[in-house]
1. Taking into account only those residues within segment 153-183 that are within 20 Å of Tyr39 (Cα to Cα) and touching a Leu at 6+ places or on another chain (Cβ under 9 Å), which is surrounded by the fewest Cβ atoms within 10 Å (Cβ to Cβ)?
2. What's the total number of residues in segment 33-51 that are among the aromatic types (Phe, Trp, Tyr) and crowded, with 17+ Cβ neighbours inside 10 Å?
3. Being modelled with pLDDT of 95 or more, in contact with a Ser or Thr (Cβ under 9 Å, 6 or more places away or on another chain) and at positive phi is the requirement here; does Gly154 meet it?
4. Taking the stated definitions as given, is Lys35 of a type in the set (D, E, K, R) and under 22 Å from Gln157 (Cα atoms)?
5. Return a yes/no flag: does segment 52-73 have any residue that is surrounded by 15 or more Cβ atoms within 10 Å (Cβ to Cβ) and small (Gly, Ala, Ser).
6. Which pairs have Cβ atoms under 6 Å, sit 6 or more apart or on different chains, and link a residue in segment 139-154 that is more than 14 Å from Ala91 (Cα to Cα) to one that is among the hydroxyl-bearing types (Ser, Thr, Tyr)?
7. Given the structure, is Arg94 within 27 Å of Thr143 (Cα to Cα), over 18 Å from the mean Cα position of the chain (by Cα) and part of a strand (DSSP E or B)?
8. Determine whether segment 80-101 contains at least one residue that is in contact with a helix residue (DSSP H, G or I) (Cβ under 8 Å, 6 or more places away or on another chain), of a type outside the set (Phe, Trp, Tyr), buried (at least 16 other Cβ atoms within 10 Å of the Cβ) and touching a residue at least 12 places away in the same chain (Cβ under 8 Å).
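The values are calculated or read from the model by the stated rules, or taken from the named source; none is laboratory data. The structure displayed is predicted, hence computed values, not measured ones. With ideal geometry, Cβ positions are generated from the backbone for all residues, glycine too; neighbour counts draw on all protein chains shown.
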Amino acid sequence: MSIKSDTWIRRMAEQHGMIEPFEPGQIRHNAEGQKIVSYGTSSYGYDIRCAPEFKVFTNIYSTVVDPKNFDEKSFVDMNSDVCIIPPNSCALARTVEYFRIPRNVLTVCLGKSTYARCGIIVNVTPFEPEWEGYVTLEFSNTTPLPAKIYAGEGCAQVLFFESDEVCETSYKDRGGKYQGQVGVTLPKT
């Protein structure tokens, strides 16, 4: 298994639709010329963006967070260019990019250091072979202060690992529960 470079990522995105929409370079400024948290193709990965759809944890109903019986009232839905995550809390978002992972590829999604240095942690998660969809992102605010996430800007990096052989059973083959997700997707069992 080997980590893949920017050239491989560009080829797979352009020829096989692995990432849509795809940015072949690294974008560091918005249309107005203001600095942003970068997104796009990097040396050995792809910096993804979050869409302006957020679910922010709330304690208004004092429910228990249970992954086997998740209560949607645990979240407040927001559509905004920024999301303020309360202190010591969490928010969910989805990527702008839609992914189609090849059968011989495994990815690992990691948080960007710009956010990590502010105490905002993105959950480490794999995209398994033949998984497809918008990625649901989990942001944890580990600080005692409110934290801001910017929609349309870089928030995490995806690293691509290509295997010498194709896996016997892919995520698609086993009917993975998060296959083809389109919005911010809550926990499923």
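1. Across segment 153-183, the extreme among qualifying residues is Phe161.
2. Our first condition is that a residue be among the aromatic types (Phe, Trp, Tyr); within segment 33-51, this holds for 39, 44, 46.
When the remaining residues are screened for being crowded, with 17+ Cβ neighbours inside 10 Å, the result is 39, 46.
Adding up the residues that qualify gives 2.
3. Against the criterion (modelled with pLDDT of 95 or more, in contact with a Ser or Thr (Cβ under 9 Å, 6 or more places away or on another chain) and at positive phi), Gly154 does not qualify.
4. The answer is yes for Lys35.
5. Step one: filter segment 52-73 for residues surrounded by 15 or more Cβ atoms within 10 Å (Cβ to Cβ), giving 52-57, 70.
Those left that are additionally small (Gly, Ala, Ser): none.
No, every residue in segment 52-73 fails to be surrounded by 15 or more Cβ atoms within 10 Å (Cβ to Cβ) and small (Gly, Ala, Ser).
6. Sorted first by the residue in segment 139-154, then by its partner, the pairs are Gly154/Ser38; Gly154/Tyr39.
7. no
8. Looking through segment 80-101, at least one residue is in contact with a helix residue (DSSP H, G or I) (Cβ under 8 Å, 6 or more places away or on another chain), of a type outside the set (Phe, Trp, Tyr), buried (at least 16 other Cβ atoms within 10 Å of the Cβ) and touching a residue at least 12 places away in the same chain (Cβ under 8 Å).
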